[in-house]
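Q: My structure is below; once you've seen it, I'll send some questions.
The values are calculated or read from the model by the stated rules, or taken from the named source; none is laboratory data. As the structure is a computational prediction, the values presented were derived from the model and not from experiment. With ideal geometry, Cβ positions are generated from the backbone for all residues, glycine too; neighbour counts draw on all protein chains shown.
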Amino acid sequence: MIEVTRGDGPIVLGLPHTGTELPDDIRAGLNETGLALADTDWHIDRLYSGLRDDVTLVRQVEHRYVIDVNRPPDGESLYPGQNTTGLCPLSDFDGLPIHRPGAEPDAEEIERRRAVFHAPYHAGLSTELARVKEKHGVAILYDCHSIRSVIPRLFDGRLPDFNIGTNLSTSCAPVVEKTVEKICAAAEGYTSVTNGRFRGGWTTRHYGAPETGIHAIQMELAQSTYMEETAPWRWDSAMAERLRGHLAQILNALSDLVKSGALR
């Protein structure tokens with residue numbers, strides 16, 4: 001199931017990993033680790049809420065342990081040779097199994113989930129991008145993510161605060177990438193990187209085609225910038241409000257690019 005909130009502006013926010021819902025049959029197959037839902041992009045919908053009143057939001061309500069809508073539908077790895085999680089994850093980010101023995105989804109079940117959950121999310125995203133592009137001549141897909149800042153299985157050391165992904169500068173016009181980079185670099189007390197460990201998931205890579213007027217960029221935030229990174233994953237109001245100011249600046253600047261005609 002997806003939630004769509006339509007706005008009149010040129011930006012579409014993708015929210016693929018904020019959902020925590022689990023269908024009963026899938027919940028029954030998860031072990032204690034899986035039921036903890038530790039790999040949720042906690043509070044990301046709240047973090048971006050109200051930053052602009054004209055954005056469109058497309059949100060997946062089921063948890064990524066049901067199916068990861070930011071993975072290719074054929075299950076191909078986004079980062080060959082590196083540890084990652086798949087279309088229907090079998091482990092959490094730390095590599096711990098998330099299913100009860102014998103309850104792992106087989107090929108038939110993965111295909112069912114792809115049809116029931118993955119395809120509708122991307123149908124909704126495609127529809128909204130087409131609508132926004134029709135109205136503005138271009139559309140900017142800004143894919144919203146967050147992750148714990150320290151996960152040794154996935155990356156060395158501590159993750160930068162702002163992780164900008166543009167699929168090696170191919171998913172959006174240079175001015176889009178540079179605009180976001182400049183704001184992040186100027187944010188006092190924060191660190192940033194472009195196309196580091198995270199260069200954009202399937203959503204960014206699939207939709208980002210600047211030559212057609214669709215510009216896609218992923219923002220992976222270190223969760224340490226706005227919340228406690230251990231259960232129960234508490235929101236930190238002071239940190240979050242400070243971060244929200246920078247995120248608003250990014251969305252405002254991207255909208256201004258469209259209004260100025262810089263992307264046409």
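Q: Hey, any hits in the range 223-236 for a residue that's surrounded by 14 or more Cβ atoms within 10 Å (Cβ to Cβ), among the small types (G, A, S) and not in a helix (DSSP H, G or I)?
A: No, the range 223-236 contains no residue that is surrounded by 14 or more Cβ atoms within 10 Å (Cβ to Cβ), among the small types (G, A, S) and not in a helix (DSSP H, G or I).
Q: Hey, can you tell me all the residues within the range 148-201 that are under 20 Å from W42 (Cα atoms), buried (at least 21 other Cβ atoms within 10 Å of the Cβ) and among the hydrophobic types (A, V, I, L, M, F, W, C)?
A: Across the range 148-201, the qualifying residues are L159, F162, I164, F198.
Q: Residues in the range 173-195: is at least one assigned to a strand (DSSP E or B), among the hydrophobic types (A, V, I, L, M, F, W, C) and farther than 17 Å from N252 by Cβ?
A: yes
Q: In addition: Is there any pair linking a residue in the range 56-83 that is touching a residue at least 40 places away in the same chain (Cβ under 8 Å) to one that is of a type in the set (F, W, Y) and assigned to a strand (DSSP E or B), with Cβ under 9 Å and at least six apart or on different chains, and which?
A: none
Q: So, one more: Looking at (1) within 30 Å of M227 (Cα to Cα); (2) not in a loop (DSSP other than H, G, I, E, B), can you tell me which one L51 breaks?
A: Just one mismatch for L51, condition (2).
Q: Also, I was wondering about something else. Among all residue pairs at least 6 apart or on different chains, which show Cβ distances below 6 Å where the first residue, located in the range 19-35, is touching a residue at least 60 places away in the same chain (Cβ under 8 Å) and the second is outside any helix (DSSP H, G or I) and of a type in the set (S, T, Y)?
A: Hits for this filter: G34/Y65.
Q: If you don't mind, another one. Quickly run through the range 90-120 and pick out the residues that are touching a residue at least 40 places away in the same chain (Cβ under 8 Å) and either among the small types (G, A, S) or touching a Phe, Trp or Tyr at 6+ places or on another chain (Cβ under 7 Å) (or both).
A: Once the filter is applied, which keeps residues that are touching a residue at least 40 places away in the same chain (Cβ under 8 Å) and either among the small types (G, A, S) or touching a Phe, Trp or Tyr at 6+ places or on another chain (Cβ under 7 Å) (or both), the range 90-120 yields G95, I98, A103, A119.
Q: Quick check on R71: is it within 27 Å of D236 (Cβ to Cβ) and part of a loop (DSSP other than H, G, I, E, B)?
A: No; evaluated as a whole, the condition is false for this residue.
Q: How about the range 1-51: which of its residues are small (G, A, S) and either in contact with a strand residue (DSSP E or B) (Cβ under 7 Å, 6 or more places away or on another chain) or more than 27 Å from L254 (Cα to Cα) (or both)? Steps first, answer last, please.
A: Initial filter on the range 1-51 (small (G, A, S)): 7, 9, 14, 19, 28-29, 34, 36, 38, 49-50.
Within the range 1-51, G7, G14, G19, A28, G29, G34, A36, A38 qualify.
Q: Something else about it: Sort out which residues of the range 213-254 are within 23 Å of G201 (Cβ to Cβ) and hydroxyl-bearing (S, T, Y), and write them in order of number.
A: If the condition is that a residue be within 23 Å of G201 (Cβ to Cβ) and hydroxyl-bearing (S, T, Y), then S224, T225, Y226 are the ones that fit.
Q: Would you mind stating whether S126 is within 19 Å of R64 (Cα to Cα) and modelled with pLDDT of 95 or more?
A: Working: within 19 Å of R64 (Cα to Cα): no; modelled with pLDDT of 95 or more: yes.
Against the criterion (within 19 Å of R64 (Cα to Cα) and modelled with pLDDT of 95 or more), S126 does not qualify.
Q: Which residue pairs have Cβ atoms closer than 6 Å, lie 6 or more positions apart in sequence or on different chains, and pair a first residue in the range 151-171 that is farther than 24 Å from P210 by Cβ and in contact (Cβ under 8 Å) with a residue 12 or more places away in the chain with a second residue that is in a loop (DSSP other than H, G, I, E, B) and of a type in the set (D, E)?
A: Cβ pairs passing all conditions: R153/D94.
Q: Moving on. Tell me which of these A123 doesn't satisfy, since it passes every other one: (1) of a type outside the set (K, R); (2) out of contact with any Ser or Thr (no Cβ under 7 Å at 6 or more places or on another chain); (3) assigned to a loop (DSSP other than H, G, I, E, B).
A: Checking A123 against (1) of a type outside the set (K, R); (2) out of contact with any Ser or Thr (no Cβ under 7 Å at 6 or more places or on another chain); (3) assigned to a loop (DSSP other than H, G, I, E, B), the one that fails is (3).
To keep it simple, each residue is scored yes or no on (1) modelled with pLDDT under 95; (2) over 13 Å from the mean Cα position of the chain (by Cα); (3) loosely packed, with under 14 Cβ neighbours inside 10 Å.
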{"residue": "D8", "(1), (2), (3)": "no, yes, yes"}
{"residue": "I11", "(1), (2), (3)": "no, yes, no"}
{"residue": "G19", "(1), (2), (3)": "no, no, no"}
{"residue": "L22", "(1), (2), (3)": "no, yes, no"}
{"residue": "N31", "(1), (2), (3)": "no, yes, no"}
{"residue": "L35", "(1), (2), (3)": "no, yes, yes"}
{"residue": "D45", "(1), (2), (3)": "no, no, no"}
{"residue": "L51", "(1), (2), (3)": "no, yes, no"}
{"residue": "L57", "(1), (2), (3)": "no, no, no"}
